[in-house]
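The values are calculated or read from the model by the stated rules, or taken from the named source; none is laboratory data. These numbers come from a predicted model, not from an experiment. Positions of Cβ are generated from backbone atoms using ideal geometry, with glycine treated the same way; all protein chains shown enter the neighbour counts. Areas reflect the complete protein model, heavy atoms only, side chains present, ligands, DNA and RNA absent. Shrake-Rupley method; radii C 1.70, N 1.55, O 1.52, S 1.80 Å.
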Amino acid sequence: MNVAVVGHVEWVEFVRVEHVPAPGEIVHALETWEEAAGGGAVAAVQLANLNGSAHLFTSLGDDELGRRAREELAARGVTVHAAAAREPQRRAYTYVDENGERTITVLGQKQRPSGEDASLPWEELARCDAVYFVSGDVAALRRARRAPVLVADPSERFEPGGLVPPPRIVVTTSGALGGWIRPGGPFRAAPLPGPIQDAYGCGDCFAAGMTYGLGDGLPLDEAVALGARCGAAVLCGRGAYDGQLTGGASGPPTRFDHIS
C-alpha cells in the first residue's frame, strides 16, 4: 500500500532511572540513549515496519540534529518530506522509570508541517491508501483528507462537537483496560509479548497499526486489534522503535483472530 503520516519529529534523549526525581532530589541514570522520535516519527516507522515503506510529511530543524533525524528515519524505511524549520531541531528528555512509565520534558515549539508549503509534495497524499494525521496546520489537514482513509489525533482528546465535520468513528484507549469504539463498544488490550520495558510511543504505534489495518480493508474491530498489538509490542521494547510489530516473510500481520 501507499501510506503516510503528517506530523512532528523530536530528537529525544532517553534516561532510564529507578524513579523520576522528586523536587530537589538527585537520581543516577541506569542507561541513556538518543534517537529521532516524536509522534510523527514513531507512527511513520511503525507504518514502514508493517508496510515496507511509508511517507512522512514534517518539518525539521536546520541543524545537525535535524539532519541526523532525517538520516535515521530514512534508514528505518521512511521517505521523509521535510520543510526547513529555520530554527534548531525540537528536542525532548524522557525519563523511563522501573515500571516502564515515561515522563517527558519538551524543549522548543512543535515544528508542524504546513499545507501551504509548496516545497512539500502534498499531491502524494491523494495517492495514499491511508494517512495518519498527528500534527500540522488546517491546510495540511485538508490535504490529508484527500486520502480514502484518514486517522487523526485531536491532541489526544475528543470532545463531541469539537471537530467539523465530526469524525465517523472515534476510538479511545485506556492502556491495559483496552478502550472504546464509537459506534461499536469496548475492546480489550492485546496480550503483552514480554515484560514491560518502556511506554514511550505506545499510543502512536496503536494509531499507526489501526491506520494500516483500515487502509488494508480490514473490518474496524480487526484494525483496532492490530493497533492494540502494535501498542503492546512497543511497550515491551526499549525506546521508540525496539519491539515495534513488523511484517513477516508472508506479508504484514493483518490476518489473525480478532480480539472481541
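Compute the Rg to Rh ratio over the stretch 32-162 from the alpha carbon atoms, using the Kirkwood formula for Rh, and round to two decimal places. So for the stretch 32-162, dividing Rg by the Kirkwood Rh gives 0.96. Using the rule -39500 (n - 2.57) for each DSSP H run of four or more residues, divided by the residues of the chain, the 222 nm mean residue ellipticity is -7500 deg cm²/dmol. Just want the answer: with Cβ charges of +1 for Lys and Arg and -1 for Asp and Glu, which residue in Tyr132, Leu245, Ser174 is farthest toward the dipole's positive end in the chain? Farthest towards the positive pole: Tyr132.
When its C-alpha radius of gyration is set against 2.2 N^0.38 Å (N residues), the chain gives a value of 0.97. Largest first, the three principal axis extents of the alpha carbons in the stretch 95-147 are 45, 26, 16 Å in whole numbers. Beta bridges from DSSP with both residues in the chain: antiparallel share about 50 percent, rounded to the nearest 5. In the chain, the portion of solvent-accessible area held by carbon and sulfur atoms comes to 50 percent [1.4 Å probe, whole percent, DNA, RNA and ligands not counted]. Among all cysteines in the chain, which have no other cysteine Cβ under 4.7 Å from their own Cβ? So, Cys128, Cys202, Cys236. Normalised by the number of residues in the chain, the mean separation of alpha-carbon contacts (under 8 Å, six or more apart) gives a relative contact order of 20 percent. As an exercise, identify the GluC sites (Glu not before Pro) in the stretch 65-113 lying in DSSP coil whose Cβ has no more than 14 other Cβ atoms within 10 Å. Filter output for the stretch 65-113: Glu98, Glu101.
Determine Rg/Rh for the stretch 1-98; Rg is computed over alpha-carbon atoms and Rh is the Kirkwood hydrodynamic estimate from the same atoms. Across the stretch 1-98, the Cα-based Rg/Rh ratio is 1.07.
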